[in-house]
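J.: Dropping a structure here in structure tokens format, bear with me for questions.
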Amino acid sequence: MEAPSSRQLIARCIEGDEDAQTQIVDRYQSRLLKMARQANAGGKRNVEPDSVVAEVFVRFLNLARSGRLEWQFEGGLWRLLSHMTAIRLKEKNREIRDPRKTARGGSGLLDEQELVSHIRYDQALAESMEEFRELLGEYRSSLSQDRLPVFDCWLEGKSTLEIGAAVKMTDRHVRRILHQFREDLSQQMNARIA
């Protein structure tokens, strides 16, 4: 049986399906932990990546259950979760660097000015993502039938091993195909910019 797409899992989450919530956590937790640990390495930071990732999942699942999560395109779940993790890591590190903020009664959440800044960034990001989504759609329509499942799995954020298992290809073959996807998309993006 084929694994459900991110879009399907989100739809089930919105309906309150706990199995879908577990599948999302299982699918992305190890990658988010790795990202959080790498972002947190190298300095004397007392932020626990495990707790940051747990907070992100709780916040994400609450947004999904409440219906306030706007789902834009397939494959964006990894980007959304990694963006939420990066923001929460910055917030936690800021709290550690400036404990007066929490001592003065600050919640550690974004203040109004920071929120407006994030909203402006998100609007600009949404516009560029819309253009990128169009590019992905055009590129997808140009692919052969044997490449489509690889491309769709890649957009869902699956690892090369997961893609290989889903489409019955070796990891090395999947890596070559993904490299070609990246090259093609990079050339097409550069052509649009020029």
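J.: What distance in nm separates the simple spin-label points at Glu131 and Thr22, each placed 7 Å from Cα in the Cβ direction?
T.: Result: 4.4 nm between the two label points.
J.: Give me Phe181, Phe132 ranked fewest to most by other Cβ atoms within 10 Å of their Cβ, as a rough exposure proxy.
T.: The order, fewest Cβ neighbours first, is Phe132, Phe181.
J.: Give me Tyr139, Tyr28 ranked fewest to most by other Cβ atoms within 10 Å of their Cβ, as a rough exposure proxy.
T.: Ranking Tyr139, Tyr28 by Cβ neighbours within 10 Å, fewest first, gives Tyr139, Tyr28.
J.: Can you give the extra length, in nm with one decimal, that the chain gains between Leu63 and Ser159 once fully stretched, where that is 0.36 nm per residue apart less the Cα-Cα distance?
T.: 32.0 nm
J.: Fewest Cβ neighbours within 10 Å first, please rank Ile87, Ile163, Ile177 accordingly.
T.: Arranged by neighbour count, lowest to highest, Ile87, Ile163, Ile177 become Ile87, Ile177, Ile163.
Rule-based calculations on the coordinates, nothing more; no lab input. What you see is a predicted model; the values in this text were computed from it and never measured. Positions of Cβ are generated from backbone atoms using ideal geometry, with glycine treated the same way; all protein chains shown enter the neighbour counts.
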